[in-house]
Amino acid sequence: MKSPLLSLPGAVPAEGVDEGVAAHYGDLFREQRALADGTGFVDLSHRGVVTVTGEDRLSWLHLLLTQHVSELPAGEATEALILSAHGHIEHALYLVDDGSTVWAHVEPGTQDALIAYLESMKFFYRVEVADRTADFAVVHLPAGSIAEAPEGVVVRETAYGRDLFLPREDLESFAAAHGPAVGLLAHEALRVEQHRPRLGFETDHRTIPHELGWIGTAVHLQKGCYRGQETVARVQNLGKPPRRLVFLHLDGSEVHLPVPGTEIRLADEGPEGRKIGFVTTSVRHHELGPVALALVKRNVPVDARLIAGETAAAQEVVVEP
């Protein structure tokens, strides 16, 4: 779904899964600084929007999600995962309940599979699931923003800012009143700086929540049964995850960033050494320079010097080994 804000001056379209919104509006670092200072907004209207209504909505979702939501207070934001039977991450939901409806935004293009799964699990529960992507656009206001949400708009407030479920027809008027618009690359740069994983970027077909630090933020360890819980409990109580998320400071003298999937090796072993991990997201940060998130084997020493492709990298611990 193509955003009308791509018609704004300087807009450069994003590619891949983020196609449909602007990657930037002509000045990446200025846009990053604006977000960091709490000004502007980010157009996330390409993300899927799913709602759940009905009097059983919270108790029903509680049975399916990794998060404790049976008593979720109205207006309180949370995030949750849906796992496979083997504990691998399949969906990530960013939730808020407005008192009568649970609103969630999800990764672009994942809403159909998510809704299909939810529909298959309705049974006798009094719930209705709906795809509202065509009607509502997600807009992000950064932490510290003094912009006021339009009256009646559902807001999901977190430590990183506010996500607004804005009627899609109001997107252009909102932009005119709350600019400057900030591109997705600036939003991604701050996400990487904050060590926040993203489904489909930091995850692959075998990722479990422990590897990414989602235990506690998206996975509640003292709640009832849900699909994949056995794996979560076993790893939490008896073992360690096979991989761990790290934050990389990359050699700033390199012209090109290592792309996602770039293999990581120990610097002491050189470019022909054994593979110990891979880059998941790489960005140019307005203060930190080139940085990245990556997954490495759990037993990689935390002080080991690394290379991503041919780029030297120093690691910063996100998930403890």
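The values are calculated or read from the model by the stated rules, or taken from the named source; none is laboratory data. Note that the structure is a prediction, hence the values are computed from the model and not measured. Here Cβ is always computed from backbone atoms with ideal geometry, including for glycine, and neighbour counts include all displayed protein chains. Remember, those area values only see protein heavy atoms, side chains included, never the ligands or the DNA or RNA. Shrake-Rupley method; radii C 1.70, N 1.55, O 1.52, S 1.80 Å.
Per-structure values
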item: Equivalent ellipsoid dimensions for region 1-133 as semi-axes, Å, which come from the Cα gyration tensor, largest first; result: 32, 16, 14
item: FRET efficiency estimate (nearest 0.05) - Cβ-Cβ, Glu71 to Arg126, R0 30 angstrom; result: 0.95
item: Tail weight of P(r) past 11 Å, computed on alpha-carbon pairs of region 144-184, percent; result: 70
item: Farthest positive-ward along region 187-321 dipole, Cα basis, beta-carbon charges - from His210, His285, Ala308; result: His210
item: Apportionment of accessible area to carbon and sulfur, region 170-268, percent (1.4 Å); result: 53
item: Relative contact order, percent, region 88-183 [alpha-carbon distance under 8 Å, six or more residues apart]; result: 21
item: Contour excess over end-to-end distance, with Cα ends at Ala116 and Ala304 and 0.36 nm allotted per residue; result: 63.3 nm
item: Selected from His62, Val192, Pro241, residue furthest toward positive end of dipole (the chain; charges at beta carbon); result: Pro241
item: Sequence-separation-based contact order of the chain, relative, with Cα cut under 8 Å and 6+ spacing, percent; result: 18
item: Max mean-square fluctuation residue, GNM over the chain, Cα-Cα springs under 10 Å, options Glu269, Glu79, Glu128; result: Glu269
item: Only Lys, Arg (+1) and Asp, Glu (-1) charged, at Cβ; region 166-248 dipole about Cα centre in debye; result: 580
item: Among Val138, Phe124, Ala77 - extreme Cα towards positive end, dipole of region 61-150, charges at beta-carbon; result: Phe124
item: Loop-resident sites, region 92-179, for chymotrypsin sites (Phe, Trp or Tyr not before Pro), counting at most 12 other Cβ within 10 Å (DSSP); result: Phe123, Phe124
item: The chain, dipole about Cα centre (Lys/Arg Cβ +1, Asp/Glu Cβ -1), debye to the nearest 20; result: 980
item: Within region 197-244, chymotrypsin sites (Phe, Trp or Tyr not before Pro) in DSSP loop having at most 11 other beta-carbon neighbours inside 10 Å; result: none
item: Inter-site label distance for Ala159 and Gln236 at 7 Å from Cα along Cβ, in nm; result: 1.9
item: Reference-scaled alpha-carbon Rg (2.2 N^0.38 Å with N residues) for region 204-265; result: 1.51
item: Where only alpha carbons of region 183-321 are counted, the Rg and the Dmax (Å); result: 15.5, 50
item: Convex hull per residue volume in Å³, alpha carbons only, for region 132-205; result: 120
item: Of Gln222, Gln194, Gln236, the one that fluctuates the most in a GNM where the chain has Cα springs shorter than 10 Å; result: Gln222
item: Region 1-135 - percent relative contact order, Cα under 8 Å, separation 6 or more; result: 24
item: GNM flexibility winner over the chain from Val129, Val255, Val52 (Cα, springs under 10 Å); result: Val255
item: Space enclosed by the convex hull of the alpha-carbon atoms of region 90-249, per residue, Å³; result: 155
